[in-house]
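We did not get these values from a lab; they are worked out from the coordinates using the rules stated. The structure displayed is predicted, hence computed values, not measured ones. Reconstructed Cβ throughout: ideal geometry from the backbone, glycine too, with neighbour counts over all protein chains shown.
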Amino acid sequence: ILNVEQSPQSLHVQEGDSTNFTCSFPSSNFYALHWYRWETAKSPEALFVMTLNGDEKKKGRISATLNTKEGYSYLYIKGSQPEDSATYLCAPILTGGGNKLTFGTGTQLKVEL
Amino acid sequence: EAQVTQNPRYLITVTGKKLTVTCSQNMNHEYMSWYRQDPGLGLRQIYYSMNVEVTDKGDVPEGYKVSRKEKRNFPLILESPSPNQTSLYFCASGGGTSGAYNEQFFGPGTRLTVL
């Protein structure tokens, strides 16, 4: 089973703070990386699919970067708002791994007023 | 409306009683998959399907079966459920011809309790 690590496990920030968290994965045979946002009592929703080393994607106040050579991706949230409270999941895909999606256990973000 | 639907949403059953959880998508997606979510373990993929009649094991396939006879449907079958299969189950689908590469759309989840 593919080893995917996300850190920190949980994070509490104040409204307006900017924050970031990490997804680490094996760097060899990289194919793509997914990021998802999962609010309590809802279903996971896709944020980004990233493929190229050095890639940067942005959606509103959320952005992500990718380093395939060292096997990590950062997710940034600028000016956190209470509605950003959710669990953020990453799922790397490696070549030779078939078409499995192996998710990390996520970073649980709580934004407080 | 583009969506993935699952039924039932909630199910309480007893050990050994066969059950099926249905999953259907209306986006003409080729890739479909099932996950279970357990506290502390995150989302774990059970089975996936690249297309009709093509299925493969995910990371935790033991105790489950699937079938893909039509593109839109991907039912999850528990032939003899056991209490350790009590979990929250999600179905998902993704577009294009590149398997898991494209973003996945998740259903609303099915909460299963096996007594």
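Paramagnetic label reach from A:K42 (point 7 Å along Cα→Cβ; backbone nitrogen cut-off under 20 Å): within the range A:80-96, residues A:80-91. Taking GluC sites (Glu not before Pro) across the range A:24-113, the ones in a DSSP loop with at most 12 further Cβ atoms lying within 10 angstrom of their Cβ are A:E70. Annotation: lysines with alpha-carbon distance below 19 angstrom to B:K18 (same-chain offsets under eight excluded): B:K65. Across the range A:16-26, computed HN-Hα scalar couplings (Karplus, 6.51 cos²θ - 1.76 cosθ + 1.60, θ = phi - 60°) run x, 5, 9, 8, 8, 9, 10, 10, 10, 8, x Hz from first to last residue, x flagging Gly and Pro. The magnitude of the dipole of chain B, with charges of +1 and -1 set on the Cβ of Lys/Arg and Asp/Glu and taken from the Cα centre, is near 340 debye. A cut-off under 12 angstrom between Cβ atoms defines the neighbours of A:S63, and their net charge, with Lys, Arg +1 and Asp, Glu -1, is +3. Each 5 Å bin, from zero up to the one with the longest distance, holds this percent of the alpha carbon pairs of the protein assembly as shown: 1, 7, 15, 19, 18, 16, 12, 7, 3, 1, 0.
With a 10 Å cut-off around each Cβ of B:100-111, the average count of Cβ atoms from other chains is 5. Taking a straight line from the alpha carbon of A:K110, these aspartates and glutamates sit under 18 Å away, with near neighbours fewer than eight places off in the same chain left out: A:E15, A:D17, A:E39, A:E45, A:E83, A:D84. Of the candidates B:G42, B:G58, B:G16, which one comes out as most mobile in a Gaussian network treatment of chain B with C-alpha springs shorter than 10 Å? Residue with maximal mean-square fluctuation among B:G42, B:G58, B:G16: B:G42. Cβ crowding within 10 Å, taken as a proxy for footprinting-reagent exposure, orders B:L43, A:L109 from fewest neighbours to most as A:L109, B:L43. The orientation-averaged shadow of the Cα convex hull for chain A, equal to a quarter of the hull surface, comes to 6.6 nm².
Going from the residue with the fewest nearby Cβ atoms within 10 Å to the one with the most, A:I62, B:I46 rank A:I62, B:I46. Between B:R9 and A:S85, the simple label model (points 7 Å from Cα in the Cβ direction) yields a spacing of 2.2 nm.
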